[in-house]
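A quick write-up on the structure given underneath.
The values are calculated or read from the model by the stated rules, or taken from the named source; none is laboratory data. Note that the structure is predicted; figures quoted are calculated from it, not measured. All Cβ positions, even for glycine, are placed from backbone atoms using ideal geometry, and neighbour counts span all protein chains on display.
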Ligand code: AMP
Ligand code: MG
């Protein structure tokens, strides 16, 4: 059974993030998105501190240029924008006003400003989700998004592997074939959806129905969804009526947040009952949202960050595997968390995220996935230069990060911490015995025994991230921005920005141009994961301390009712009781996983992580320094069955992987070869102890040592060819290499495997 994007099955309501957590009070339900009050549609797009202890804000994708500008009113000339039109008006008004006195002038200026604001607001409103007719279940395409000024979309990359792995039940039509057919000269006018494509295809794609019609039809529907034009919103007319106006009231009250805190204190069960009621309502309104989180950036607390350019469309459930996938668009336009940003992403950064996600998955490193990249050829985005914008459609079981706990703890939103913790522990990590408090618990006077979850949660997050980081180290992956808002609770690698894969092995390497101090260098990644786990422990400290003292989870209101001194005492207790052991466990997990990964790459059995490290891996990394890591390790796969002497092999090995002009290393070649030889002799003795045949070792090693790595110059080249020549064929070619990195490179692809260089020069920076 195949489903169209907008009818994709969702996780059961009881396990949905949006049912379990608190929404931004300005848009309290998904129905609020269709009920934006006339004066305030921009509230969805305006940067603000989201209050009310909210975990997320409902918001729909809106990839349009920012600062916003719109078509001018019909009265003006055809080619002006609203901005230009207003500018002319202002000039004209200034002249007219010369005859007025000061009071009159002020009054008129104010009136005109309000009128112009209304013009902008109502233009924006035209792009927001609106239900076209009463009773419609889902709004497909907001009316103004069919306007020719709305950017049309062009799907330029698609991962059949991600499709098969995550959402095999999603109808995508012939999108993969279409991308290949529209490469190069066939590309410039090949829009996959949006106003231009509609004009060519004779109408908006049909978005509903569980069995797709034609392949082309399904492809257009997929493109509409992947471009953020068609918004999956499940609401009824009654839900819209109820939502109408509710949020603005909160916004207009100056001290609404103080009121919220007081309400939480006076009636602690309130939020739990609300959440419990939502969990029990299968007809609940459902819609897209952005997460609210904070984070430590480069070691400093940065306050509220949040999804400033990512919108989660749906928490999808694969009916066959029962796995959850939060489907997200990155680069989908402004949200309340956009701060000063435009909410957009460049084509290059979207492609980089897409390729890296799929490559990491193929290497077996926990990671978010990427299904597609959709370009907006006519939507410019300004960074160092102006290029076209694109969105990446990315998937993860959860996009919650360490920063999600941090924001609530930092603001004293202890009910939010508790609700988030229960959801993560119960529904995502599935820890034993966790009880999500709800109506029934809140109503009972005797506090029932609910198993503590906070310490177990921190330990599990630490273990998962330790294992992931171990694989980064063993495969030479550098994340580039390991801020606490970029570290996923579930341990997946997320937020691919200025990442790099090691070319020439160098432990000091820094891949993020903005990281002048080298905080996120390759070598320091484990330390930075440790730092992040410390921050999680700090955020949850009071809960852990409470649980240790009471031997049960806190009930609604209990954390909030305590005073700062009491919470600080709980936190101290937590630090004393478990900080050291959590750190030690993290480090041991990291070491064990790291040595296991290296042993697997080397085809040998572990002799205990410490021994492996000291006797085999550390000496190997000394040899690797100055060599192309991928080439060296792939070449090493020949060693177990090689007939050459260690001397001869070492010579060939170093020659194969060493940077040609020697600039990459100051090591003398002869010294390098001798070190390699010495290590090979030692390695041979480990191999001798193996119980499997040399041939079997070689074939196992070839599945652990990729022939292909995603070098920086490759992503640069793919992006440049796409931007400049509509070359989707190269994207597809590199994507395939990413998905099957353990296959030998064909003669045609040999250049992708040539010896790399030290990462210097054109490094990517944060958030492009
Ligand atoms: P990053 O370093 O890319 O993980 O981003 C840090 C924060 O900045 C996150 O809250 C992002 O959502 C936000 N951000 C990055 N780029 C943009 C953008 N172009 N527009 C709005 N917010 C952004
Ligand atoms: Mg981020």
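For beta carbons closer than 8 Å, sequence separation of 6+ or different chains, a first residue in segment 254-275 that is assigned by TED's automatic domain parsing to the domain that holds residue 555 and without any contact (Cβ under 8 Å) to a residue 12 or more places away in the chain and a second that is in a helix (DSSP H, G or I) and surrounded by fewer than 19 Cβ atoms within 10 Å (Cβ to Cβ), there are no qualifying pairs.
Inside segment 1-23, can you point out the residues that are surrounded by fewer than 17 Cβ atoms within 10 Å (Cβ to Cβ) and under 15 Å from residue 426 (Cα atoms)? Across segment 1-23, the qualifying residue is only 12.
For the condition over 30 Å from residue 706 (Cβ atoms), more than 16 Å from ligand 2 (Cβ to nearest atom) and out of contact with any strand residue (DSSP E or B) (no Cβ under 6 Å at 6 or more places or on another chain), residue 366 does not qualify.
The condition of being modelled with pLDDT of 95 or more, surrounded by fewer than 22 Cβ atoms within 10 Å (Cβ to Cβ) and in a helix (DSSP H, G or I) holds for only one of 622, 547, that being 622. Taking the numbered list (1) touching a strand residue (DSSP E or B) at 6+ places or on another chain (Cβ under 9 Å); (2) not in a helix (DSSP H, G or I) in turn, residue 632 passes all entries but (2). Apart from one condition, residue 77 fits all of (1) over 30 Å from residue 254 (Cβ atoms); (2) buried (at least 16 other Cβ atoms within 10 Å of the Cβ); the exception is (2).
Quick check on this structure: which one of 553, 532, 605, 577 is out of contact with any strand residue (DSSP E or B) (no Cβ under 9 Å at 6 or more places or on another chain) and in a helix (DSSP H, G or I)?
Within the list 553, 532, 605, 577, the selection yields 577.
Remark: residue 751 falls outside the filter, which requires a residue to be modelled with pLDDT of 95 or more, closer than 30 Å to residue 186 by Cα, surrounded by 20 or more Cβ atoms within 10 Å (Cβ to Cβ) and not assigned by TED's automatic domain parsing to the domain that holds residue 349.
Inspect segment 115-130 for any residue being more than 35 Å from the chain's Cα centre (by Cα) and loosely packed, with under 14 Cβ neighbours inside 10 Å and give the result as yes or no. Yes. Going residue by residue through segment 700-721, is there one that turns out to be surrounded by fewer than 21 Cβ atoms within 10 Å (Cβ to Cβ), touching a strand residue (DSSP E or B) at 6+ places or on another chain (Cβ under 8 Å) and touching a residue at least 60 places away in the same chain (Cβ under 8 Å)? Looking through segment 700-721, none of the residues is surrounded by fewer than 21 Cβ atoms within 10 Å (Cβ to Cβ), touching a strand residue (DSSP E or B) at 6+ places or on another chain (Cβ under 8 Å) and touching a residue at least 60 places away in the same chain (Cβ under 8 Å).
Counting the residues of segment 480-496 that are near ligand 1 (Cβ under 10 Å from one of its atoms) and part of a helix (DSSP H, G or I) gives 2. Report whether or not residue 299 is within 16 Å of ligand 2 (Cβ to nearest atom) and touching a helix residue (DSSP H, G or I) at 6+ places or on another chain (Cβ under 7 Å). Criteria not met by residue 299.
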